[in-house]
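Engineer: Quick one: structure below, then a few questions.
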Amino acid sequence: MVEPDSRRHFPGYVLAAPILVTAAELAATSTATTRPPSPDVTELLGLNHIMTAAALPTSGLISVEVSQDGTVSFTLPRARLGQGVTTSTATLIAEELSVPRGRVRVTLIDAWPEHLSHPGTGGPDTTISTYAPLRVAAAVARQRLLEAASAAFGSPVVDLRLTAGVITDGDGRSLDIGALATTAASASTVAVVVELAPREGRTVVGRPATGSTRGRR
């Protein structure tokens, strides 16, 4: 899986809703790079490319919701077949949005008839196809929350810090993201551009969850 360049700017959306709901622009989240043609077809089009393309009818169903109680919700448009996709999804959102992983709620989407075109989850396709859109949607939420806190505090966004779901300013004032879920919302869908969180600042991805059952039988 290719790591999206955190220095690049990605388009996303703040969706019209009574609380903060954000989404990514799928067409702009591709991390593919141009390479010279290869005589080996497996280097041009692999199984994951095919599965990701097949999942496009439901890949647009990626949005992150911040509730007034401070929880962050996401409905995963995939099937869970033992790959741990709900855990990995929650981890990516928690990292990008700077909230504790325990405050991220990931559920599976309902089996609507419209989803029949999606073949389901296979191998590592879920993480590959949702990795960038998830991070972009969470980054849009982070930016929107910081802007709402900036207005509340009367402090520039650059002077604010979002850590463990709480935004603080240089004077020690703080607000939980739940308190900003309504003011950060939008009455209409708005296109925005965001930067992803830098890789060197990660505190969640790659770390064991509290109470992990890894290694248990």
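The values are calculated or read from the model by the stated rules, or taken from the named source; none is laboratory data. Owing to the predicted nature of the structure, the values given are computational and were not obtained by experimental measurement. FYI the Cβ positions are ideal-geometry reconstructions off the backbone, even for glycines, and counts take in every protein chain you see. Ligands, DNA and RNA are stripped out before the accessible areas are found, and what is left, the full protein with its side chains, is counted by its heavy atoms. Shrake-Rupley method; radii C 1.70, N 1.55, O 1.52, S 1.80 Å.
Engineer: May I ask you to give the solvent-accessible area per residue for segment 129-200, in square angstrom, as obtained with a 1.4 angstrom probe?
Structural biologist: I get 44 Å² per residue for segment 129-200.
Engineer: Could you give the nm distance between label points at S174 and T189, where each point is 7 Å from its Cα heading toward the beta carbon?
Structural biologist: Label-label distance for S174 and T189, simple model: 3.7 nm.
Engineer: Let me ask another. Calculated FRET efficiency, H9 and L108, Cβ-Cβ r, R0 25 Å, to nearest 0.05?
Structural biologist: Efficiency at R0 = 25 Å is approximately 0.20.
Engineer: Working out 0.36 nm times the residue gap between T87 and R199, then minus their Cα-Cα distance, what length gain in nm do you get to one decimal?
Structural biologist: Here the segment from T87 to R199 would lengthen by 38.4 nm.
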